[in-house]
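Enquirer: My questions all concern the structure below.
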Amino acid sequence: MSVLVSARAVCKSFPVGRSRWRRRSVRVLNDINIEVRAGEMVAIVGPSGSGKSTLLYCLSGSEAFDSGSVRVAERELHGAAPDTIFEIRRDHITFVFQSHNLIPSLSASENVALPARLAGHPLSRKQVNEALERVGLAQRARARIDTLSGGERQRVAVARALASDAQIVFADEPTASLDSHNASNVLHLLRAVPTDPARSVVMVTHNLEAAALADRVVLLRDGSVAGELARPTAQEILEWMEASR
């Protein structure tokens, strides 16, 4: 299988203030090495503050990093011009973020359709409606985002990702605002994405049941990769995390 995302020796720091002589910073990611192959789902787990979301943002081109290499669909992000990063994200990546990243003044269907239209590959009305139907929101297609609940907004964000033909779906806590029924539905929809051998899913989650759906689970601790497991159960992930403390 081809490698869609490859990170090598990625380091990332955030400024935390300035001492008398120099600016201070804290290291959030430390020499991260990870690969995501086409046709697989990878879950990233770890305690709060371990750097999971920061890693996701760096892998997706949403956040700059200090050193190392991240290649997406064989194109390098580190040091690339903003226009190049925009093209990589537009052509190869779609997102499901906790903050939803939806436009409040647009309807659910307009939000689902917008990224593809901006990329020059507009979706048909049927494709948009089918994506919303898959997340149980067909009846809310014309509703403005600012009239939807948090859970409904999250499902619109998932529908947007499902409607895309992007090779890589990055998902940051995709079930955080969902009830158990809708969370299960969304997870199984995301699990189905890499059945297309040209696509993959990279998901950050605290939900160990969600992580157990992945082909591989990567454990992040204190900004470093502590190891990975292939197709573990939720109980195996829990025991592994506790043993690595």
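The values are calculated or read from the model by the stated rules, or taken from the named source; none is laboratory data. This is a predicted model, so every value here is computed, not measured. In this analysis, Cβ positions are derived from the backbone assuming ideal geometry, glycine residues included, and neighbour counts consider all displayed protein chains.
Enquirer: Looking at Val193, is it in contact with a helix residue (DSSP H, G or I) (Cβ under 8 Å, 6 or more places away or on another chain) and either crowded, with 22+ Cβ neighbours inside 10 Å or touching a residue at least 12 places away in the same chain (Cβ under 8 Å) (or both)?
Expert: Considered against the rule, which asks whether it is in contact with a helix residue (DSSP H, G or I) (Cβ under 8 Å, 6 or more places away or on another chain) and either crowded, with 22+ Cβ neighbours inside 10 Å or touching a residue at least 12 places away in the same chain (Cβ under 8 Å) (or both), Val193 comes out as yes.
Enquirer: Need pairs with beta-carbon distance below 9 Å; first residue free of Cβ contacts under 8 Å to residues at least 60 places away in the same chain and within 17 Å of Asn207 (Cα to Cα) and within segment 219-232, second of a type in the set (Gly, Ala, Ser) and not in a strand (DSSP E or B); sequence gap 6+ or separate chains.
Expert: Arg231/Ala212; Arg231/Ala214; Pro232/Ala211; Pro232/Ala212; Pro232/Ala214
Enquirer: Taking helices (runs of 4 or more DSSP H) that fall entirely within segment 149-245, which contain at least 1 residues that are at pLDDT below 90 and either of a type outside the set (Lys, Arg) or farther than 21 Å from Glu133 by Cα (or both)?
Expert: 150-163, 180-192, 234-243
Enquirer: Something else now. Looking at segment 72-79, is at least one residue within 28 Å of Leu187 (Cα to Cα) and in contact with a strand residue (DSSP E or B) (Cβ under 7 Å, 6 or more places away or on another chain)?
Expert: Pass one, segment 72-79, residues within 28 Å of Leu187 (Cα to Cα): 72-74.
After this cut, where a residue has to be in contact with a strand residue (DSSP E or B) (Cβ under 7 Å, 6 or more places away or on another chain) as well, the list is 72-73.
Within segment 72-79, one or more residues are within 28 Å of Leu187 (Cα to Cα) and in contact with a strand residue (DSSP E or B) (Cβ under 7 Å, 6 or more places away or on another chain).
Conditions tested, residue by residue: (1) in a strand (DSSP E or B); (2) surrounded by fewer than 20 Cβ atoms within 10 Å (Cβ to Cβ); (3) modelled with pLDDT under 95.
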{"position": "Gly17", "(1), (2), (3)": "yes, yes, yes"}
{"position": "Val26", "(1), (2), (3)": "yes, yes, yes"}
{"position": "Val36", "(1), (2), (3)": "yes, no, no"}
{"position": "Pro47", "(1), (2), (3)": "no, yes, yes"}
{"position": "Val70", "(1), (2), (3)": "yes, no, no"}
{"position": "Gly79", "(1), (2), (3)": "no, yes, yes"}
{"position": "Arg90", "(1), (2), (3)": "no, yes, yes"}
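Enquirer: Restricting attention to segment 99-110, does a residue exist that is farther than 29 Å from His206 by Cα, in contact (Cβ under 8 Å) with a residue 40 or more places away in the chain and crowded, with 18+ Cβ neighbours inside 10 Å?
Expert: no
Enquirer: Now, a different point. Going by what's in this entry, would Leu162 be described as surrounded by 21 or more Cβ atoms within 10 Å (Cβ to Cβ) and over 26 Å from Val72 (Cβ atoms)?
Expert: On the way: surrounded by 21 or more Cβ atoms within 10 Å (Cβ to Cβ): yes; over 26 Å from Val72 (Cβ atoms): no.
Spelling it out, it is not the case that Leu162 is surrounded by 21 or more Cβ atoms within 10 Å (Cβ to Cβ) and over 26 Å from Val72 (Cβ atoms).
Enquirer: Please indicate, with yes or no, whether at least one residue in segment 138-145 is assigned to a strand (DSSP E or B) and farther than 20 Å from Ala210 by Cβ.
Expert: Looking for residues that are assigned to a strand (DSSP E or B) and farther than 20 Å from Ala210 by Cβ, one finds at least one in segment 138-145, hence yes.
Enquirer: Something else: If you check Gln139 against the conditions, is it of a type in the set (S, T, N, Q) and either touching a residue at least 40 places away in the same chain (Cβ under 8 Å) or within 22 Å of Met203 (Cα to Cα) (or both)?
Expert: So Gln139 does not fit the description; no.
Enquirer: Continuing with the same structure: Only one of Asp146, Asp179 is of a type in the set (D, E, K, R) and either closer than 19 Å to Ser109 by Cα or in contact with a helix residue (DSSP H, G or I) (Cβ under 6 Å, 6 or more places away or on another chain) (or both); which?
Expert: Step by step, each of Asp146, Asp179 is checked, and only Asp146 is of a type in the set (D, E, K, R) and either closer than 19 Å to Ser109 by Cα or in contact with a helix residue (DSSP H, G or I) (Cβ under 6 Å, 6 or more places away or on another chain) (or both).
Enquirer: Every residue in segment 58-87 that is of a type in the set (S, T, N, Q) and within 16 Å of the chain's Cα centre (by Cα), please.
Expert: Answer for segment 58-87, where residues must be of a type in the set (S, T, N, Q) and within 16 Å of the chain's Cα centre (by Cα): Ser60, Ser62.
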